[in-house]
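The values are calculated or read from the model by the stated rules, or taken from the named source; none is laboratory data. The structure displayed is predicted, hence computed values, not measured ones. Don't worry about glycine lacking a Cβ; one is built from the backbone with ideal geometry, like all the others, and counts go over all protein chains shown.
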Amino acid sequence: MAMRAQGGRPVDPNHYEQVIQIKRVSKKTKGGNLVTFAALVVTGDKQGKVGIGLGKAPTVADAIKKAVRLANRDGVNIPVVGGTVPYQVTEKFGSAKVLLKPARKGTGIIAGGAVRAIVEAAGITDIVSKMFGTANKLTNAYATFRALKSVENLAAKHKYLKEYQKKQSS
């Protein structure tokens, strides 16, 4: 029998999701105020797959559902080597700049806020990070996600170069 979340939908035990931020957005219209909600959610399998989504809807529950759907659709697979990222990366998104550095086993996750939630969802257990520029959770989350995408691209590039060198030597 599948476990159920508080909302009543089935939950996969290998699936991790966490709400990073919920914002109440109000807009003035001719008929009065229009109130909606924006939810920033991170999902992952704690084995290298992670995604982030921003859902907007009239109710909090619908915004979270939409964000989870978007996060599952737009995911990346990053290589987790010994519980950490294999490369040091610096990435910028808007005014946010993030630095992700590999760490030795036993260091733990030295990160705060949105960065911590995203690397936990990816299954990273040892990492050192630093945010520069802003305290905005949304831009920090997107900068971290962009940094993890660049780790994925670096790993693919490294793998391709290894195969190419192997072909050249034989």
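Annotation note: of A155, A121, A114, the sole residue that is surrounded by 14 or more Cβ atoms within 10 Å (Cβ to Cβ), modelled with pLDDT under 95, of a type outside the set (V, I, T) and in contact with an Asp or Glu (Cβ under 9 Å, 6 or more places away or on another chain) is A121.
Identify all residues within the range 110-125 that are within 23 Å of L54 (Cβ to Cβ) and either among the acidic types (D, E) or outside any loop (DSSP other than H, G, I, E, B) (or both); write none if there are none. G113, A114, V115, R116, A117, I118, V119, E120, A121, A122, listed by residue number. Does G108 satisfy being within 23 Å of A147 (Cβ to Cβ) and within 17 Å of the chain's Cα centre (by Cα)? For G108, the condition - within 23 Å of A147 (Cβ to Cβ) and within 17 Å of the chain's Cα centre (by Cα) - is not met. Of all the criteria given as (1) of a type outside the set (S, T, N, Q); (2) within 22 Å of G44 (Cα to Cα); (3) surrounded by fewer than 17 Cβ atoms within 10 Å (Cβ to Cβ), the one not satisfied by F93 is (3). Applying the condition of being under 17 Å from N136 (Cβ atoms) and surrounded by fewer than 18 Cβ atoms within 10 Å (Cβ to Cβ) to the range 22-55 and asking which residue is nearest to the chain's Cα centre (by Cα) yields I22. Just to be sure before I move on: is S170 without any contact (Cβ under 8 Å) to a residue 12 or more places away in the chain, farther than 20 Å from V41 by Cα and not acidic (D, E) in the structure I sent? Yes; evaluated as a whole, the condition is true for this residue. For the residues V11, V81, the requirement of being modelled with pLDDT under 90, closer than 17 Å to E152 by Cα and of a type in the set (V, I, T) singles out V81.
Tell me, which residue of the range 76-87 that is crowded, with 18+ Cβ neighbours inside 10 Å and within 12 Å of the chain's Cα centre (by Cα) is farthest from Q21 (Cα to Cα)? The residue in question is I78. When you scan the range 13-34, how many residues do you find that are in a strand (DSSP E or B) and either over 13 Å from K56 (Cβ atoms) or among the hydroxyl-bearing types (S, T, Y) (or both)? So the answer is 10. Is it the case, given these coordinates, that V128 is part of a strand (DSSP E or B), in contact (Cβ under 8 Å) with a residue 12 or more places away in the chain and either assigned by TED's automatic domain parsing to the domain that holds G51 or touching a strand residue (DSSP E or B) at 6+ places or on another chain (Cβ under 9 Å) (or both)? In short, yes.
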